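Right, one structure below, let's go through it.
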Amino acid sequence: MTKRELVIVGGGPAGMAAALAAKESGVRDILLLERDQHLGGILNQCIHPGFGLHRFKAELTGPEYADRFIKMVKDSPEIQVSLRSFVVKLTGDKKISYLKPGALEEIEAGAIILATGCRERTREMIPIPGSRPAGIYPAGLAQKMINMEGWIPGKEAVIVGSGDIGLIMARRMVLEGMKVKAVIEIQKTSRGLVRNVVQCLEDYGIPLYLSHKITKIYGANRVEKVGVVEVDENFNEKPGTGFELSCDTVLISVGLIPENELLEMAGAAIDRVTNTPVGPEVNLTSIPGIFACGNAAKVYDLVDWVSRDSEKAGKMAAEYLGGKAL
Amino acid sequence: MTVDVDGRRVISVAGHKCPRGEKYATQEVEAPMRTLTTAVLTRGLELKMLPVRTNKPIPKEKLLAAMDAVKRITLTSPVKTGSVIAENFLGLGADLIATRDLGKKSPATNH
C-alpha cells in the first residue's frame, strides 16, 4: 500500500477546482482519480452555452469551461491525474482502493476529497404508472447519447419535468430533427431558468403544460403514448381535463441525487432525504480528513459556484494536512 | 421591461435595468439572434462527437438550416478548443468552432 498526501475522487469541475486550490495552499502530492477517459465530468456533455458568466465573465459552453480547468491541472506537476480509475472502496481511516486498466491500486491517504457528483433521479423515484417499454430516458442520459455518442433516442418526445436539463434537451432534440410534443410540469411555475424557457421552448413553439402531470405511460415494447391531466394546488387530478399525447420517447427531468456511496462505505453520516454528507459546514463530513465538494456535497444550479466552493474544500484539506503534520 | 413596437420595428424601450437591455430588446424584437451549439460526427478521433458552436450569434430563423449543414460534416483531424471547423458558416459571417480539444483515437482505447 502506497501513501499519498491528498487523494481526490472525481475529475469534474469540483475535483479539478479542489485539486488546484490544494496546490495553491501548498499541498505537493495530489492524486486526482477520474473514472472516465477524460477530465471534465458532466461538463463534457453540457455542450450548450451559459457557463462561466460569474467565474470568467464570459459565456462559455460546458466543454469550454472544463477546458480552462483541464489546462490548469495539466500545467500543475503537483497534481497527478489517473484516468479510467474507478474507486471501489473507502475506509474511515482513509484507505482507498481503485481499479484502473490492469490493476487494483491501494492507497493510504493523508486526506481525501470526494467530488463524485450526482446521478439523476429516475422514473422509479416519481410515481408514473404504466408499462415499462423502451424509450424512457433520464434527460441527462439522453443528453449524453445525443451529444457524445451521436445517437438520437427517438422521433417524438414528451418531457416530464421542466428542470433546466429537460428544457435544454427539448431544444437539442428539435435541432436534431425530433419533434418535442410537450413539457409537462406538475408545479405552477417552471423549475428552470427563464432564459431556458424562452430560448429552448418558446423559440421552437414547444408547449409547456404547468400544473399538469403524466398519469400513465402506454406501450408494449416501445412507448406509444402518455396520458396527461391537469392538477389543482394540492396536486389532485382535475376531473375532465385528461388528454393523451402520442410519442415514442419520454424524457424524465426530475432532479439530481448526490452520489455518496463511498462516504457511506467509510461509515460517515448521510442525510437520508438529500443523500448529502452530514457535517458541521459545507464541504465537511462527519469523518475528519474526508471532505466532500461539488454536487456530491449539495446540488448546485451553477458550475461557477461549484468551482468557488470546491476551492474552499481544497484549502480545508490543505489546512488539515498542515495541521496534522505539526 | 416594456417595448413599444410598430410591427417588427422597435419605437422605444423602457424599464430596462442596464444599457445592454435596450440593445438586447431591440435586437430580440427586430431580428432575434442565437448562438448555435451542437456536435459534429467524427471518425478516427477520441470521441464520436465533437461539440461545436458558432463564434457569434446567427439569425434565429437560420438555426435549422445550420443544423442541416452541420449534419453533413465529418471531422477526421484532431482539433484544439477554438479551432475553426467551418469558416463563414453558411455565409452568415460566423465561424463554426470546436469547444474542446480532441485528439486521435489511440489504439489502446476501446470504445
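FYI, it's all coordinate maths here, none of it is from the lab. A quick note: this is a predicted structure, and the numbers were derived from the prediction, not measured. Here Cβ is always computed from backbone atoms with ideal geometry, including for glycine, and neighbour counts include all displayed protein chains.
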- Item | Low-density loop cleavage sites - GluC sites (Glu not before Pro) in region B:1-92, where at most 12 other Cβ are within 10 Å (DSSP) | B:GLU87
- Note on the structure: Any residue on another chain or 5+ positions along whose placed amide H is under 5 Å from the amide H of A:LYS89 is listed here as A:SER97
- Per the Kirkwood formula over distinct C-alpha pairs, the hydrodynamic radius of region A:136-213 in angstrom is 12.2
- For region A:77-133, convex hull volume per residue from C-alpha positions, Å³: 166
- Note on the structure: Taking the dipole of the protein assembly as shown about the Cα centre (Lys, Arg +1; Asp, Glu -1; charges at Cβ), the one of A:PHE86, B:ALA98, A:VAL198 that reaches farthest to the positive side is B:ALA98
- Where does each of A:72-79, A:154-161 land if you order them by average Cβ count within 10 Å, highest first? A:154-161, A:72-79
- Amide H neighbours of A:VAL278 at under 5 Å, excluding residues fewer than 5 places away on the same chain, with H built from the backbone geometry, are A:ALA269, A:ILE270, A:ASP271, A:SER286
- Query: Which ordering of A:HIS54, A:HIS48 is given by a fewest-first count of other beta-carbon atoms within 10 Å?
  - Reply: A:HIS54, A:HIS48
- Which of rounded, prolate, oblate describes the protein assembly as shown, given a ≥ b ≥ c as roots of the alpha-carbon gyration tensor eigenvalues and a/c under 1.5 marking rounded, otherwise prolate only if a/b is larger than b/c? prolate
- Sort A:ILE8, B:ILE58, A:ILE270 so that the residue with the fewest other Cβ atoms within 10 Å of its own Cβ comes first and the one with the most comes last. A:ILE270, B:ILE58, A:ILE8
- Going through A:LYS315/B:LYS56; A:LYS71/A:LYS144; A:LYS188/A:LYS225; A:LYS225/A:LYS298; A:LYS95/A:LYS312 one by one, the pairs whose alpha carbons sit over 26 Å apart turn out to be A:LYS315/B:LYS56; A:LYS225/A:LYS298
- Message: Which one, A:VAL229, A:ILE186, A:GLY219, projects farthest toward the positive side of the charge dipole computed for region A:122-252 from Cβ point charges (K/R +1, D/E -1)?
- Response: A:GLY219
- Angle, helix B:19-30 long axis vs. longest principal axis of chain B, Cα atoms, 0 to 90°, nearest 10? 90
- Ordered by fewest other Cβ atoms within 10 Å, a rough proxy for footprinting exposure, B:MET49, A:MET145 read A:MET145, B:MET49
- Note on the structure: Counting only DSSP beta bridges with both partners in region A:122-252, the antiparallel fraction in percent, to the nearest 5, comes to 40
- Can you pull out the chymotrypsin sites (Phe, Trp or Tyr not before Pro) in region A:207-279 that DSSP calls coil and that have at most 12 other Cβ atoms within 10 Å? A:PHE235
- Across the residues of B:78-86, average count of Cβ atoms on other protein chains within 10 Å? 1
- Note on the structure: In Å, the Kirkwood hydrodynamic radius from C-alpha pairs for region B:1-45 sits at 12.7
- Share of antiparallel DSSP beta bridges in the protein assembly as shown, in percent to the nearest 5? 55
- Note on the structure: For region A:267-313 the trypsin sites (Lys or Arg not before Pro) that pass both the DSSP coil test and the at-most-11 other-Cβ-within-10 Å test are A:ARG272
- Enter the mean number of other protein chain beta carbons within 10 Å of the beta carbon of each residue in B:30-38, as an integer. 4
- Query: Taking every eigenvalue of the Cα gyration tensor of chain B, multiplying by 5 and rooting it, what semi-axes result, largest first, whole Å?
  - Reply: 38, 14, 10
- Item | Mean Cβ neighbour count within 10 Å, used as a protection proxy, ranking A:82-91, A:195-204 highest first | A:195-204, A:82-91
- Provide the three semi-axes, in whole Å and in decreasing order, of the ellipsoid equivalent to region B:34-98 as defined by the square roots of 5 times the Cα gyration tensor eigenvalues. 20, 12, 9
- With the Cα gyration tensor of region A:1-136 giving a ≥ b ≥ c as the square roots of its eigenvalues, does the rule (a/c under 1.5 for rounded; else a/b larger than b/c for prolate; else oblate) give rounded, prolate or oblate? oblate
- Task: Using only C-alpha atoms and all pairs of different ones, pull out the Kirkwood radius for region A:122-252 in Å with one decimal.
- Result: 14.6
- Determine how many Å³ per residue the convex hull of the Cα atoms of region A:189-318 encloses. 171
- In Hz, Karplus ³J(HN,Hα) per residue of region A:123-129 (6.51, -1.76, 1.60; θ = phi - 60°; x = Gly, Pro): 3, 5, 8, 10, x, 10, x
